Amino acid sequence: MHIQKNENAWNITDENEEIARVSGFAFPGDALFANVQLSTSLSIQKKKEILKLLSEELKKEFHERSIQLFLDEGQMHDHETDVYFTLNRVRMFRSLENIPEVHINEREIHSLNFEDIAVKAQEIFDATPEYDRKMINMNCSKDVRKFYKEIIVEKAIGKYLSELSFGYGKDFLKGFIINMEIENVEKTLLVGDIIVLEEYRRQGIATQLIVHSLKRAKVMGFEKAILDVTASNPANNLYEKLGFKEFKTVTSIFVK
């Protein structure tokens, strides 16, 4: 196999036939995102060989960046190798019409600030699912502070919406939601992160944070919301109850 590297795309050929293409390179913060298209005629084993080659070459070229690739729908099952691992993520959406009516304890909800997260970094680490830790290379509470500082303070990851990101807990943080705006997609809210500390789960906190965010977003002129969630995440049931519907599955490849 041979890789032809251009500024905007990498083409992978085998016996002069194009079998894969990498395009849409983006460089938010210290990360690299790109889209991968694989020929549908390839065997699973051949696809794995291509991903291994791509991972090795991307790591050589961008060794100081964390690298995440996105495959077309239904391309691969979750698996792990010595140079990359994959996770299937479900993309869900709902319009901001007919938002469910739930009891929201307004006294407990406040604008999210980084200091609250920094204080509860260990509890947030414990509450983060293992697959999400793996996805963002989070190995300890120090990584929690670094990750959320990049989002909230430095605004280096995505278009963070401070006016639509909330903490829950009047006296101390029990949970939070981070919302973002999708670049080049008008009036669409991205529900980026929802965490409820383990000892406060099953109290309706996540439901309140989501519904509160959706209602505020509608007032601000947003028309729909989307979220990405790991396919095996049990929170999918909650999102469906709140009116989110699955419309696409994306396989993410994380280069080690």
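Any read-out appearing in this document is the output of simple, stated calculations on the displayed coordinates, not a laboratory observation. The structure presented is a predicted model; accordingly, all values stated were derived computationally and were not measured. Note: ideal-geometry Cβ built from the backbone for every residue, glycine included; neighbour counts use all protein chains shown.
Annotation: average projected area of the stretch 2-72 is 4.6 square nanometres, based on the convex hull of Cα atoms across all directions. Principal-axis analysis of the Cα atoms of the chain puts helix 205-219 at an angle of about 90° to the longest axis.
Taking each pair of distinct Cα atoms in the stretch 53-179 once, what is the resulting Kirkwood hydrodynamic radius in Å? Can you show the working numbers first?
Details: mean 1/r = 0.0575 Å⁻¹.
Result for the stretch 53-179 stands at 17.4 Å.
Listed peptides 233-243, 30-40 appear in the order 30-40, 233-243 once ranked by packing, highest mean of other Cβ atoms within 10 Å at the front. Highest mean first, the peptides 7-17, 186-196 sorted by other C-beta atoms within 10 Å per residue fall in the order 186-196, 7-17.
For the stretch 125-140, putting each phi into the Karplus relation 6.51 cos²θ - 1.76 cosθ + 1.60 with θ = phi - 60° gives couplings of 4, 4, 7, 7, x, 4, 5, 6, 4, 5, 5, 9, 6, 9, 10, 6 Hz, in residue order, rounded to whole numbers and with x for Gly and Pro. Give the relative contact order (percent, whole number) for the stretch 95-249; include only Cα pairs under 8 Å separated by 6+ residues. Dividing the mean separation by the residue count of the stretch 95-249 yields 26 percent. Note on Phe27 and Leu53: the extension gain reaches 7.3 nm, defined as 0.36 nm multiplied by sequence separation minus the Cα-Cα distance. If the segment from Glu183 to Phe70 were pulled out straight at 0.36 nm per residue, it would be longer than the present Cα-Cα gap by 39.0 nm. Each label point was placed 7 Å from the Cα along the Cα-to-Cβ direction; for Asn233 and Ile3 their separation is 2.9 nm.
When the label point is put 7 Å from the Cα of Glu18 along its Cα-to-beta-carbon vector, which residues of the stretch 57-101 have a backbone N closer than 11 Å? The answer is none, because no backbone nitrogen lies closer than 11 Å to the label point. Working note: Debye formula, equal point scatterers on the alpha-carbon atoms of the stretch 103-164, no solvent; log10 I(q)/I(0) at q = 0.16, 0.19, 0.29 Å⁻¹ is -0.58, -0.79, -1.22.
The distance between label points at Val219 and Arg202 comes to 3.3 nm (points 7 Å beyond Cα on the Cα→Cβ vector).
What is the distance in Å between the Cα centroid of the stretch 92-119 and that of the stretch 190-241? The two parts, judged by their Cα centres, are 8 Å apart.
By the scheme Lys and Arg +1, Asp and Glu -1, what is the net charge of all other residues having a beta-carbon under 11 Å from that of Ser95?
Values: positive: Arg94, Lys187, Lys218, Lys224, Lys245; negative: Glu97, Glu223.
Residues close to Ser95 contribute a combined charge of +3.
The alpha carbons of the stretch 122-256 stretch over 39, 37, 32 Å along the principal axes, in descending order.
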